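Structure first, then comments.
The values are calculated or read from the model by the stated rules, or taken from the named source; none is laboratory data. Note that the structure is a prediction, hence the values are computed from the model and not measured. Every residue, glycine as well, gets a Cβ built from its backbone with ideal geometry; the counts of neighbours run over all protein chains shown.
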Amino acid sequence: MTKDLLGRHHAVLPDWLALYYEEPLEITHGEGRHVWDADGNRYLDFFGGILTTMTAHALPEVTKAISEQAGRILHSSTLYLNRPMVELAERIAELSGIPDARVFFTTSGTEANDTALLLATTYRRSNTVLAMRNSYHGRSFSAVGITGNRGWSPTSLSPLQTLYVHGGVRTRGPFAHLDDEAFIAACVADLKDVLGHTRPPAALIAEPVQGVGGFTSGPDGLYAAFREVLTERGILWIADEVQTGWGRTGDHFWGWQAHARSGPPDILTFAKGIGNGMSIGGVVARAEVMNCLDANSISTFGGTQITMAAGLANLGYLLEHDLQGNARRVGGLLRERLRSVAAQVPHVREVRGRGLMLGIELTRPGTDEADPAAASAVLEAARDGGLLIGKGGGHDTSALRVAPPLTLTVAEAEEGAAILESALRSL
Ligand code: PLP
């Protein structure tokens, strides 16, 4: 029972865990796009864990692969080869678009980004890194250190020298009033200006759509324009696809493809959805970059059989059922539905995003001022109505995030939109 757990967690867990709701929610099980709490209440899951349940809760194909693998062996470490790891690496290498790609598996997005930074700084022999304002890359010392979202890294000192550039947020900041072309030109000028004041950085790390930052992005083509400047100066581009990969954005399999003119990134990191809840992260880089590390760069649990089996089954399901196409179709309907609601709710500044990665920005009516209290109120009201969504958007946390499993049906999209509508109208 949740009531039994209430309060007990304060004695043993950090104060900053399980803070999402005023009264913490204890989830006991899930099926499809639904989860249940310990009191038997059912919720439509419009956050998919945290974009971790990519296909569906308790997807039989994934459950079967996990239990079959569990009957053979769970783990033998990366000291040895195992077939599921090689097979999943083959699929991801091919899908990544990176030529001569090598894949290294980790157990989280944080560790994937740490590895990407390790690769880039070793390859380029520079410990300076460019990152985007309002970004989030994880919670290790170096990942938190480069995170441009101060709400998530208030006191951290990075071991890397990090310089932040504009472009991840379209609707706020000094360039918000510009059209897309002028916005991109201003961001490129900002990038060049930053580069003029530093030793050559190893890499630029960026989320194609900022996740924790509130599902925001610059215009399509931004990173293509950045890429030209970076390539000229031998700076690597790391695309953090931890939230944007696997077709979630509908139009593309990877977020970087919205900037396709640039070609693939030098390094791509992934995590979250690939394991459908199992802990898989990883890095893809061309061989020359990946192999700049010496031996001994292993991850004890990375690439372990039980998670790889889940990843293979999950990815296979996603591709066979064209869930990217489903994200585009159902996500498109959902976005239009939310936009028509938003037009009648003065707190909603905009509904943005693509596929099943939609952000709703809340401001105090008639102003540009972020409204975190409104975001929390909607989150609570949605929960009361039987819907789980996410929050995000910089340290002011004034955006709502909608990212259901990619098998979402039109009927479920309608059902969730109706709950969200009444939650928004209750403001
Ligand atoms: N990168 C991005 C874009 C993320 O959104 C996150 C987590 O939310 C991470 C990295 C860190 O991943 P993990 O929590 O698996 O360490």
Selection status of D240, among the charged types (D, E, K, R), crowded, with 21+ Cβ neighbours inside 10 Å and touching a strand residue (DSSP E or B) at 6+ places or on another chain (Cβ under 9 Å): yes
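Answer yes or no: is there a residue in the stretch 186-198 that is within 23 Å of the chain's Cα centre (by Cα) and either within 16 Å of the ligand (Cβ to nearest atom) or at pLDDT 95 or above (or both).
Checked the stretch 186-198: at least one residue is within 23 Å of the chain's Cα centre (by Cα) and either within 16 Å of the ligand (Cβ to nearest atom) or at pLDDT 95 or above (or both).
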Suppose we filter the stretch 31-83 for residues that are assigned to a loop (DSSP other than H, G, I, E, B), in contact (Cβ under 8 Å) with a residue 40 or more places away in the chain and among the hydrophobic types (A, V, I, L, M, F, W, C); how many remain? 8
From the list G359, G316, G416, G325, which one is buried (at least 23 other Cβ atoms within 10 Å of the Cβ), in a helix (DSSP H, G or I) and modelled with pLDDT of 95 or more? G416
Checking S96 against (1) polar (S, T, N, Q); (2) in contact with a Phe, Trp or Tyr (Cβ under 9 Å, 6 or more places away or on another chain); (3) within 11 Å of the ligand (Cβ to nearest atom), which single condition isn't satisfied? (3)
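Is it the case that some residue within the stretch 270-287 is part of a loop (DSSP other than H, G, I, E, B), among the polar types (S, T, N, Q) and surrounded by fewer than 24 Cβ atoms within 10 Å (Cβ to Cβ)?
Taking every residue of the stretch 270-287 in turn, at least one turns out to be part of a loop (DSSP other than H, G, I, E, B), among the polar types (S, T, N, Q) and surrounded by fewer than 24 Cβ atoms within 10 Å (Cβ to Cβ).
Looking at I50, I66, which one is of a type in the set (A, V, I, L, M, F, W, C), under 21 Å from the mean Cα position of the chain (by Cα) and either surrounded by 12 or more Cβ atoms within 10 Å (Cβ to Cβ) or within 22 Å of K272 (Cα to Cα) (or both)?
Exactly one of I50, I66 is of a type in the set (A, V, I, L, M, F, W, C), under 21 Å from the mean Cα position of the chain (by Cα) and either surrounded by 12 or more Cβ atoms within 10 Å (Cβ to Cβ) or within 22 Å of K272 (Cα to Cα) (or both), namely I50.
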Filtering the stretch 112-132 down to residues that are within 14 Å of the ligand (Cβ to nearest atom) and not β-branched (V, I, T), which residue is nearest to V212 (Cα to Cα)? M132
Just give me the residues in the stretch 206-225 being surrounded by fewer than 24 Cβ atoms within 10 Å (Cβ to Cβ) and touching a Lys or Arg at 6+ places or on another chain (Cβ under 8 Å), in sequence order. P219, G221, A224
Number of positions in the stretch 400-413 that are crowded, with 21+ Cβ neighbours inside 10 Å and part of a helix (DSSP H, G or I): 1
Search the stretch 166-179 for residues being touching a residue at least 40 places away in the same chain (Cβ under 8 Å) and not small (G, A, S), and hand back the single one that is surrounded by the most Cβ atoms within 10 Å (Cβ to Cβ). V169
Note down all Cβ pairs under 7 Å where the first residue falls in the stretch 215-241 and is closer than 16 Å to R261 by Cα and assigned to a helix (DSSP H, G or I), the second is among the β-branched types (V, I, T) and away from the ligand (no atom under 16 Å from the Cβ), and they're at least six residues apart or on different chains. L222/I184; A225/I184; A225/V188; F226/V188; V229/V188
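State the number of residues belonging to the stretch 199-247 that are of a type in the set (A, V, I, L, M, F, W, C), within 11 Å of the ligand (Cβ to nearest atom) and in contact with a Phe, Trp or Tyr (Cβ under 9 Å, 6 or more places away or on another chain).
So the answer is 6.
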One residue from F46, F104 being out of contact with any Lys or Arg (no Cβ under 7 Å at 6 or more places or on another chain) and within 16 Å of the ligand (Cβ to nearest atom): F104
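Just need a number here: residues in the stretch 248-281 that are out of contact with any helix residue (DSSP H, G or I) (no Cβ under 7 Å at 6 or more places or on another chain) and more than 12 Å from the ligand (Cβ to nearest atom). Show your work before the answer.
Going residue by residue through the stretch 248-281, those that are out of contact with any helix residue (DSSP H, G or I) (no Cβ under 7 Å at 6 or more places or on another chain) are 254-255, 257-258, 260, 263.
From the residues that got through so far, the ones that are more than 12 Å from the ligand (Cβ to nearest atom) too are 254, 257-258, 260, 263.
Total meeting the criteria: 5.
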